[in-house]
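The numbers here are math on the coordinates, done by the rules we state, and not lab data. Keep in mind that what you see is a predicted model, and the values were worked out from it rather than measured. Positions of Cβ are backbone-derived with ideal geometry, glycine not excepted, and every protein chain shown enters the neighbour counts.
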């Protein structure tokens, strides 16, 4: 049964070294919907790598700007696509940041090496602009959030905006692994830092496009519906 969710992400251009790096790490290309062969010279065996990247693989290589949501009653996918295209044309400046590969709690992600206020403003704009397309949280979704140990402010964000990590609680990141056992964290971090340096180098990452993705049901992976360059 189809129960699609949509999300607005930053996904690098598929022809860039950065995207090829991220897609190879996760083993999934969210533009084509195809699996990608496991990397070579892994710090763990291939089966363990697949398990450690299973959760982020569902979402594809990305940074969240508007978290996954179901369409509100009366809204259509065609309307959402049209609004997304129009919104993309209003973003006049492509923010850029120096990347760092870091541990965030128990998972590895690419984050800005220094605070970049433009990223927060872009995410906040996406959250607000597309909120009219978002269906309210279901009782199951609400219960899940209540059990997640959120702060009072984050709970308020979840109730109002459908997601707790927005505005003051937003942190731009591009996830590379799921939660890692303690003994794997440093080897995985060192390996991914080296791999990014070899593939993308130390160049800034420009948020030069937005992508609209769809997940057909909760067990499916997200795939790009459309993406637009920021002029």
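Would you mind putting 64-73, 17-26 in packing order, based on average other-beta-carbon counts within 10 Å, highest first?
17-26, 64-73
What would the Debye equation give as log₁₀ I(q)/I(0) for region 2-105 at q = 0.13, 0.14 Å⁻¹, counting only Cα atoms as equal point scatterers?
Results for region 2-105 at q = 0.13, 0.14 Å⁻¹ read -0.63, -0.72.
Where the centroid of each part is defined by its Cα atoms, how far is region 42-87 from region 9-40 in Å?
The two parts, judged by their Cα centres, are 13 Å apart.
In whole angstrom, note down how far apart the Cα centers of region 189-231 and region 110-186 are.
Computed from Cα coordinates, the inter-centre distance equals 17 Å.
Can you compute the FRET efficiency between residue 81 and residue 183 using 1/(1 + (r/R0)^6), with r the Cβ-Cβ distance and R0 = 41 Å? Round to the nearest 0.05. Working shown, then result.
Details: r = 45 Å, r/R0 = 1.09.
It comes to 0.35.
Please report, to one decimal in angstroms, the Kirkwood hydrodynamic radius of region 86-190 built from all distinct Cα-Cα pairs. Could the numbers behind the result be given before it?
Working: mean 1/r = 0.0629 Å⁻¹.
One decimal place: 15.9 Å for the Kirkwood radius.
If you fit an axis through the alpha-carbon atoms of helix 182-199 and take the longest principal axis of the Cα set of the chain, what angle between them do you get, 0 to 90°, nearest 10?
Tilt of helix 182-199: around 90 degrees.
I'd like the orientation of helix 17-26 relative to the chain: the angle between its Cα long axis and the longest Cα principal axis, in ° from 0 to 90, rounded to 10.
Tilt of helix 17-26: around 90 degrees.
When Rg is the radius of gyration of the Cα atoms in the chain and Rh is its Kirkwood radius, what does Rg/Rh come to? Working shown, then result.
Working: Rg = 17.3 Å, Rh = 18.3 Å.
Value, to two decimals: 0.94.
On C-alpha positions alone, give me the angle between the axis of helix 117-129 and the longest principal axis of the chain, in degrees, nearest 10.
40
For every helix of n ≥ 4 consecutive DSSP H residues, a contribution of -39,500 (n - 2.57) applies; sum these over the chain, divide by its total residues, and give [θ] at 222 nm rounded to the nearest 500 deg cm²/dmol.
Details: 8 runs with 82 residues, N = 231.
After summing the helix terms and dividing by residue count, I get -10500 deg cm²/dmol.
Taking only C-alpha pairs under 8 Å that are 6+ residues apart, what is the relative contact order of the chain in percent? List each step's numbers first, then the result.
Values: 392 pairs, mean separation 81.5, N = 231.
Over the chain, the number comes to 35 percent.
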